[in-house]
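Participant: What follows is a single structure, and I will ask about it in a moment.
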Amino acid sequence: MDRLLAQLLPSLTETLGTIVFIIVATALIELIVYLVIGRIFKSRHLLVWMLIAPAAVGLAILIVYPLLWELRLSLTNMSLRRFGDKAQYFWVVCAAGEAPKGLAWLTECLFKNYADVFRMPVLKQVMFLPVFLRTVAWTGVNVFFHVAGGMGLALLLNRPMRGRGVYRALLILPWAIPQVIAVLAWRGEFHYEYGYFNIILTQLGLAPVEWMSNPLANFTAMVATNVWLGVPFMMVILLGAMQSISGEYYEAAEIDGAGGYQQWRHITLPLIQPVLTPAIVLGTIWTFNNFNVPFFINQNELESSDILVTALYRAAFEYNRYGFAAAFAFVIFILLLAYVLIYIALTGTLKESTR
Amino acid sequence: MKPRTMWTVLSLLVVGAIALTGCGQALPTGPMTIRLWHQEGEADNAKQYVEALAAAYTAEHPNITFEVTNPGDTELLRQDFQTAALAGTPPDLLWTVNDHAGPFTTADIIVPVDDLVDLGLYADGALAAVDLNGQHWGVPITSGNHLMLYYNKDLVPTPPATTDDLLAMTDDLKAQGVTPLAYNQTEAFWLVPWLGGFGGAVFAEDGVTPTLNTPEMVATLAWLKQLKDEGIVPPESDYPGADTLFQEGKAAMIINGDWTLGAYKDLFGDKLGVARIPTVSATGKPPAPYTSGKYFMVPAGLDEDTQAVVVDFIKFATNQANQLDMVSLLARLPALKTALEDASITADPYLAGSADQMVAGVGMPAVVEMRCNWDAMKPEMLAVLSGDKTPEDAAAAMQSAAEACLLTLE
């Protein structure tokens, strides 16, 4: 007991220190906001300011500051030889030497890393565009199966039956397992000698598959794992939406002679649309940025299985191209931002909720 | 313990500690935690050994405790240490492989150890692998870390001396339902010995210019592909996969490192054989695995007290008694000269076999350029094995990738 306490105590005091710091800092922020907004500007919205302030400061420290730091990093030549303080802005380098003029100054000095993302291999052999297209394919296939699978299961569960709670609990189980653990377990199942799939295939008299070294097989393994992980989320969301639809619509439809498909097409689908759309947007972004599945299933580090985020990780932490990786990260960020803006503009999703 | 006795013990300990450090700096007496990062695994008991060493030191110096962490594996240790150093929160001591010295010195995040300990006590071969720019960047813990051939005497009475011997014996083994040979096919570390056997090397004479697009590399890749195509090795095998096949008797031989000798000895007893990797018949040359060892590396920017404790711990961990302890527990070759000459090593057939293979090895380059070579070789080697590229194309791609990588270092 004493030993346990001795081991726990340092971490407990560390945690406690952090909590105390957060409380004191929050109080301090509130005090400053109160004095500045309330006393000096005498604003009517003092309460609003005070409620928003801690979150705003937190976001600024945790998101805005790293983003600005990253932006700065993306304009430097940081690598192993120019590590930390030794990194320099490219424009400094160019100003010192013979700086090229015009457009070349942009691509060779200021935005050299950004230009490199598109004109050099982002990993060892593979260029940006193939990785991007693969990421789009990966996202598309996954989200399709997530929605289709989730919808199918939700429809099955959305009717009176015995043991519905049990089925639902079993089906959302994948969601309850920490993702990395689940993915590593799946990787084990794709093992050539000892994996579940190859054992089944051999029992059926088929040839075992080289899941780890064959590019297509590895990609398939990634998709299979991620579909298994992603379906429960869609199922839970869609089931929730379906259960909020009043039964009267279906009764009326039945009286009018509508079949199952027509009911689904003209009642279920339109009425779950407000839930479905954000779920798809979220699912797309999560899948696009899914790191665990492509990284861990791709044990052999095949470049043919890397999507943008795993390529980004390798560029930064395996190949030490820090400045380049920062620029690469911004390119990915801009792509996602564009996707979200276009999607929102096309579907008008947010208009409803902000009204 | 009565207070008086405790004081006596404590003061004895303090006197002892001062005597141990000799004329060096006195150790701090206040409580202190040393964060030690290592990359040893649990399976061969090495992780437990590191933890036991730290606990033994704490027993002698109760004010000093350790936080012993394995960030995951060797690669993760390198990545995490670089990131932690950048963030200004590096650990206090590293236990790792020699080639990390390359990136770490390039990034200026470790310090040379020449002035910290008496390097004259350690084996020259082990020191050479951390000698960069005329300074040494690690204190050796073990010598070797080389690959060699282990064989199961039940299945293979005499180990193959040449690759022709190996090819000749495989049909028989396959007929018994046994995979003749297993090895970790996912890491280029297992390619390097064969490259040496075919007469190639990853660097030119200058030690920094990659020479990967060579006939020797093409021959090496073709040989690895042949091993796979003829069913001599499993179609797909990572480290644990190969290890399990050998341990379960489903593979007759395995190419694995000296680090696992202790575990195999415990498992197989007399049935275990240790030999050199078969000589390449086409060239008559023995494969040349990389040799290095495990090293203590000291992060830059430690305060004086911490550095004093860290150095004292290094001396403690590599003293004669602990080095011989390590030999008996892990069956790894020690780095301390006096320990290497001990009878417990010269009289042991396994350790003698390991030492014999080590002689045929070449020191693993520690220069940062080696990272480019590793990163360039791995994907292309895998592409050849999966049949996506010819050995010729892969060798050319390796070279261009390594050259591109060198540019990104600048």
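The values are calculated or read from the model by the stated rules, or taken from the named source; none is laboratory data. Just so we're clear, the structure is a prediction, and the values are computed from it rather than from any experiment. Please note: Cβ atoms are built from the backbone with ideal geometry, for glycine as well, and neighbour counts cover all protein chains shown.
Participant: On the given criteria, is residue B:96 outside any helix (DSSP H, G or I) and within 22 Å of the chain's Cα centre (by Cα)? Lay out the reasoning, then the answer.
Facilitator: Numbers: outside any helix (DSSP H, G or I): yes; within 22 Å of the chain's Cα centre (by Cα): yes.
Yes: the conditions hold for residue B:96.
Participant: On to the next question. Just to be sure before I move on: is residue B:393 assigned by TED's automatic domain parsing to the domain that holds residue B:187, outside any helix (DSSP H, G or I) and farther than 24 Å from residue B:97 by Cβ in the structure I sent?
Facilitator: Values: assigned by TED's automatic domain parsing to the domain that holds residue B:187: yes; outside any helix (DSSP H, G or I): no; farther than 24 Å from residue B:97 by Cβ: yes.
So residue B:393 fails the test.
Here's the yes/no breakdown for (1) away from every other protein chain (no Cβ under 14 Å); (2) at negative phi; (3) crowded, with 16+ Cβ neighbours inside 10 Å:
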| position | (1), (2), (3) |
| --- | --- |
| A:252 | yes, yes, no |
| A:259 | yes, yes, no |
| A:272 | yes, yes, yes |
| A:321 | no, yes, yes |
| A:325 | no, yes, yes |
| A:328 | no, yes, yes |
| A:341 | yes, yes, no |
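Participant: Look at region A:306-319 and say how many of its residues are within 11 Å of chain B (Cβ to nearest Cβ) and assigned to a helix (DSSP H, G or I). Explain how you work it out, then say what you get.
Facilitator: Initially, region A:306-319 is screened for residues within 11 Å of chain B (Cβ to nearest Cβ), giving A:306, A:313-319.
Within this subset, residues satisfying the condition of being assigned to a helix (DSSP H, G or I) are A:313-318.
Residues that pass the stated criteria total 6.
Participant: Another question, then. Picking from A:297, A:280, A:285, which residue would you name as being touching a Lys or Arg at 6+ places or on another chain (Cβ under 8 Å) and among the β-branched types (Val, Ile, Thr)? Before the answer, list the steps.
Facilitator: Values: A:280 fails: touching a Lys or Arg at 6+ places or on another chain (Cβ under 8 Å); A:285 fails: touching a Lys or Arg at 6+ places or on another chain (Cβ under 8 Å).
Exactly one of A:297, A:280, A:285 is touching a Lys or Arg at 6+ places or on another chain (Cβ under 8 Å) and among the β-branched types (Val, Ile, Thr), namely A:297.
Participant: Report, by residue number, each residue of region B:19-58 that is surrounded by 13 or more Cβ atoms within 10 Å (Cβ to Cβ), assigned to a helix (DSSP H, G or I) and modelled with pLDDT under 55.
Facilitator: Across region B:19-58, the qualifying residues are B:20, B:21.
Participant: Return yes when residue B:249 is within 13 Å of chain A (Cβ to nearest Cβ), on the phi > 0 side of the Ramachandran plot, assigned to a loop (DSSP other than H, G, I, E, B) and surrounded by fewer than 16 Cβ atoms within 10 Å (Cβ to Cβ) and no when it is not.
Facilitator: Working: within 13 Å of chain A (Cβ to nearest Cβ): no; on the phi > 0 side of the Ramachandran plot: yes; assigned to a loop (DSSP other than H, G, I, E, B): yes; surrounded by fewer than 16 Cβ atoms within 10 Å (Cβ to Cβ): yes.
Judged against the criteria, residue B:249 is not a match.
Participant: Right, another one. Considering only residues that are of a type in the set (Gly, Ala, Ser) and touching a helix residue (DSSP H, G or I) at 6+ places or on another chain (Cβ under 7 Å), look in region B:329-351 and name the one that is farthest from residue B:58 (Cα to Cα).
Facilitator: Going residue by residue through region B:329-351, those that are of a type in the set (Gly, Ala, Ser) are B:331, B:335, B:339, B:343-344, B:347.
Narrowing the set further to residues that are touching a helix residue (DSSP H, G or I) at 6+ places or on another chain (Cβ under 7 Å) leaves B:331, B:335, B:339, B:344.
Numbers: B:331: 25, B:335: 23, B:339: 24, B:344: 28 Å.
It comes out as B:344.
Participant: Being assigned to a loop (DSSP other than H, G, I, E, B) and surrounded by 24 or more Cβ atoms within 10 Å (Cβ to Cβ), is that true of even one residue in region B:103-120? Let's see the steps before the verdict.
Facilitator: Residues of region B:103-120 assigned to a loop (DSSP other than H, G, I, E, B): B:107-109, B:112-118.
Applying the additional criterion that residues be surrounded by 24 or more Cβ atoms within 10 Å (Cβ to Cβ) yields none.
No.
Participant: Next up: Residue B:259 fails exactly one of the following numbered conditions: (1) surrounded by fewer than 23 Cβ atoms within 10 Å (Cβ to Cβ); (2) closer than 28 Å to residue B:109 by Cβ; (3) touching a Gly at 6+ places or on another chain (Cβ under 9 Å); (4) assigned by TED's automatic domain parsing to the domain that holds residue B:103. What is the number of that condition?
Facilitator: Here residue B:259 meets the rest and fails (4).
Participant: How many residues are of a type in the set (Val, Ile, Thr) and either without any contact (Cβ under 8 Å) to a residue 60 or more places away in the chain or assigned to a helix (DSSP H, G or I) (or both) if we restrict to region B:146-173?
Facilitator: Within region B:146-173, the subset of a type in the set (Val, Ile, Thr) is B:156, B:158, B:162-163, B:170.
Still in the list and also either without any contact (Cβ under 8 Å) to a residue 60 or more places away in the chain or assigned to a helix (DSSP H, G or I) (or both): B:158, B:163, B:170.
So the count comes out to 3.
Participant: Considering only region B:60-93, state which residues are more than 14 Å from chain A (Cβ to nearest Cβ) and assigned to a helix (DSSP H, G or I).
Facilitator: Residue satisfying the conditions is B:60 alone.
Participant: If you take the residues of region B:232-246 that are part of a loop (DSSP other than H, G, I, E, B) and not β-branched (Val, Ile, Thr), which of them is nearest to the other protein chains (Cβ to nearest Cβ)? So that I can check it myself, show each step before the final result.
Facilitator: At the first step, the residues of region B:232-246 found to be part of a loop (DSSP other than H, G, I, E, B) are B:232-238.
If we keep only those that are not β-branched (Val, Ile, Thr) as well, we get B:234-238.
Values: B:234: 6, B:235: 6, B:236: 4, B:237: 7, B:238: 6 Å.
Here the residue is B:236.
Participant: Right, another one. What about residue A:135, is it more than 14 Å from chain B (Cβ to nearest Cβ), surrounded by 14 or more Cβ atoms within 10 Å (Cβ to Cβ) and within 28 Å of residue B:378 (Cα to Cα)?
Facilitator: Values: more than 14 Å from chain B (Cβ to nearest Cβ): yes; surrounded by 14 or more Cβ atoms within 10 Å (Cβ to Cβ): yes; within 28 Å of residue B:378 (Cα to Cα): yes.
Criteria met by residue A:135.
Participant: So which residues in region B:105-122 are out of contact with any strand residue (DSSP E or B) (no Cβ under 9 Å at 6 or more places or on another chain) and over 16 Å from residue B:300 (Cα atoms)?
Facilitator: Across region B:105-122, the qualifying residues are B:118, B:120.
Participant: Scan A:119, A:159 and give me the residue that is within 14 Å of another protein chain (Cβ to nearest Cβ) and exposed (fewer than 13 other Cβ atoms within 10 Å of the Cβ).
Facilitator: Unique residue meeting the criteria: A:119.
Participant: Next question, about the same structure. Which one of these does residue A:193 not meet: (1) within 28 Å of the chain's Cα centre (by Cα); (2) without any contact (Cβ under 8 Å) to a residue 60 or more places away in the chain; (3) buried (at least 18 other Cβ atoms within 10 Å of the Cβ)?
Facilitator: Of everything listed in (1) within 28 Å of the chain's Cα centre (by Cα); (2) without any contact (Cβ under 8 Å) to a residue 60 or more places away in the chain; (3) buried (at least 18 other Cβ atoms within 10 Å of the Cβ), residue A:193 misses just condition (1).
Participant: Can you tell me which residue within region B:195-221, out of those that are surrounded by fewer than 18 Cβ atoms within 10 Å (Cβ to Cβ) and outside any loop (DSSP other than H, G, I, E, B), is farthest from the other protein chains (Cβ to nearest Cβ)?
Facilitator: B:215
Participant: Now for a different question. Scan region A:205-243 residue by residue and report those that are touching a residue at least 24 places away in the same chain (Cβ under 8 Å), within 14 Å of chain B (Cβ to nearest Cβ) and among the polar types (S, T, N, Q).
Facilitator: Once the filter is applied, which keeps residues that are touching a residue at least 24 places away in the same chain (Cβ under 8 Å), within 14 Å of chain B (Cβ to nearest Cβ) and among the polar types (S, T, N, Q), region A:205-243 yields A:213, A:218.
Participant: Would you kindly identify the helices (runs of 4 or more DSSP H) lying entirely within region A:105-180 that contain at least 1 residues that are more than 24 Å from the chain's Cα centre (by Cα)?
Facilitator: Working: elements: A:112-119, A:128-157, A:164-171, A:173-176.
Answer list for region A:105-180: A:112-119, A:128-157, A:164-171.
Participant: Also, I was wondering about something else. Check whether at least one residue in region A:55-71 is in contact with a Phe, Trp or Tyr (Cβ under 6 Å, 6 or more places away or on another chain) and more than 14 Å from chain B (Cβ to nearest Cβ), and report yes or no. Walk me through how you get there before you give the answer.
Facilitator: If we filter region A:55-71 for residues that are in contact with a Phe, Trp or Tyr (Cβ under 6 Å, 6 or more places away or on another chain), which is where we start, we get none.
Within region A:55-71 (the criterion being in contact with a Phe, Trp or Tyr (Cβ under 6 Å, 6 or more places away or on another chain) and more than 14 Å from chain B (Cβ to nearest Cβ)), the answer is no, since none of the residues qualifies.
Participant: Also, quick follow-up: Which of (1) within 14 Å of another protein chain (Cβ to nearest Cβ); (2) touching a residue at least 40 places away in the same chain (Cβ under 8 Å); (3) among the polar types (S, T, N, Q); (4) not in a loop (DSSP other than H, G, I, E, B) is the odd one out, the single condition residue A:202 does not satisfy?
Facilitator: (2)
Participant: Give me the residue from region B:287-330 that is assigned to a loop (DSSP other than H, G, I, E, B) and in contact with a Leu (Cβ under 9 Å, 6 or more places away or on another chain) and, out of that set, nearest to residue B:162 (Cα to Cα).
Facilitator: Going through region B:287-330, the residues assigned to a loop (DSSP other than H, G, I, E, B) turn out to be B:287-289, B:293, B:300-303, B:318-319.
Okay, now just the ones that are also in contact with a Leu (Cβ under 9 Å, 6 or more places away or on another chain), so B:287-289, B:293, B:302, B:318-319.
Working: B:287: 10, B:288: 14, B:289: 16, B:293: 27, B:302: 50, B:318: 38, B:319: 40 Å.
Only one residue tops the list, namely B:287.
Participant: Here's a follow-up. For residues that are within 14 Å of another protein chain (Cβ to nearest Cβ) and assigned to a helix (DSSP H, G or I), scanning just region A:73-99, find the one that is modelled with the lowest pLDDT.
Facilitator: A:93
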